[in-house]
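Every read-out reported here was derived from the displayed coordinates using simple, explicitly stated rules and does not represent laboratory data. What you see is a predicted model, and the numbers here were worked out from it, not measured in a lab. Glycine also receives a Cβ, built like all others from the backbone with ideal geometry; neighbour counts cover every protein chain displayed.
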Amino acid sequence: MATITQRVVRNARRRGLTVLTRPQWGSRYGSVYVWRRLFKRAHQPADTVVQHITVTFDSGKLVGDFKTDMRTIERIGYERFKSGFSYNFAVDMRDGTIGVGQPLDAKGTHTVNDKNVRGFSRDQNLRARAIAVIGMPGDQLSKDAEAAIVQLLAAMVDEGAVTPGFDYEPHSKFAYKDCPCGPTRDRMPAIRAAVNKAVRRPKR
Ligand SMILES: [Zn+2]
């Protein structure tokens, strides 16, 4: 039987998105995810999706590529939290290529409700899923990347990974950090509204 992550990836690809799985981008910490799916399980479905930015140098501009970016983000997550990839998905801010990170049924290491925002529990890693745009502060979110996030979120709703009425929130709502930064945060209300139109309607 397919995992929830595999189902979302399949759905996202049917929507025309380019999605690279962990083996495809060269993940180096495979056993970490096996362990987390067993012992660090996330509550399903999620009622919140938190948007982040990786603040990793865009290697594509110079020497590397998307796969290098993914491996860099994974290494940082492993060094800081021993969790491997902190986020469930990462999206290239230029062309909307998507990489699979933390499995959707395992806890990520992305968001704690440090501001004690009412209506949200403290450990959002248990309740929320996370998407990160790959880039540095000041980078613009391209139209292609914005459209990719809409379709990815719709695929997550379709497959039951997140609730249809999910809250789509910037990390800065919960933490004293400018994450995911203005260019992405400013587009979030439009992205959230577009998801409602992009989800597959149940047949009756
Ligand atoms: Zn963040």
Once you have a ≥ b ≥ c as the square roots of the Cα gyration tensor eigenvalues for the range 3-96, tell me rounded if a/c is under 1.5, and otherwise prolate or oblate according to whether a/b is larger than b/c. oblate
Could you sort the peptides 16-25, 91-100, 140-149 by per-residue average Cβ neighbour count (10 Å cutoff), highest mean leading? 91-100, 140-149, 16-25
Over its Cα atoms, what ratio of radius of gyration to 2.2 N^0.38 Å does the range 88-157 give? 1.21
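Checking the table LYS82/LYS173; LYS115/LYS177; LYS40/LYS173 against a 21 Å threshold on Cα-Cα, which pairs fail? Please report the intermediate quantities before stating the final value.
Working: LYS82/LYS173 25 Å; LYS115/LYS177 11 Å; LYS40/LYS173 24 Å.
Correct reply: LYS82/LYS173; LYS40/LYS173.
Mind giving me the FRET efficiency for GLN140 and VAL34? R0 is 45 Å, r the Cβ-Cβ distance, nearest 0.05 is fine.
Details: r = 37 Å, r/R0 = 0.82.
According to the calculation, E is roughly 0.75.
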Calculate the spin-label point distance for ARG200 paired with ARG10, positioning each point 7 Å from the Cα along the beta-carbon direction, and give it in nanometres. 1.0 nm
Checked against the positive end of the charge dipole of the range 135-176 (+1 on Cβ of Lys and Arg, -1 on Cβ of Asp and Glu, about the Cα centre), the farthest of ALA161, VAL150, HIS171 is HIS171
If I take R0 = 22 Å and measure r between the Cβ atoms of GLN24 and ASP47 in this structure, what FRET efficiency does the formula 1/(1 + (r/R0)^6) give, to the nearest 0.05? 0.15
Take the alpha carbon atoms of the range 122-201, find their radius of gyration, then divide it by 2.2 N^0.38 Å using N residues; give the quotient. 1.09
Quick one: give the max-minus-min coordinate of the C-alpha atoms of the range 62-127 along each principal axis, largest first, in Å. 43, 25, 22
When a/c reaches 1.5 or more, the comparison of a/b and b/c decides; with that in mind, is the chain rounded, prolate or oblate per its Cα gyration tensor? rounded
Rounded to the nearest 20 debye, dipole of the range 4-198 from Cβ charges on Lys, Arg, Asp, Glu: 560 debye
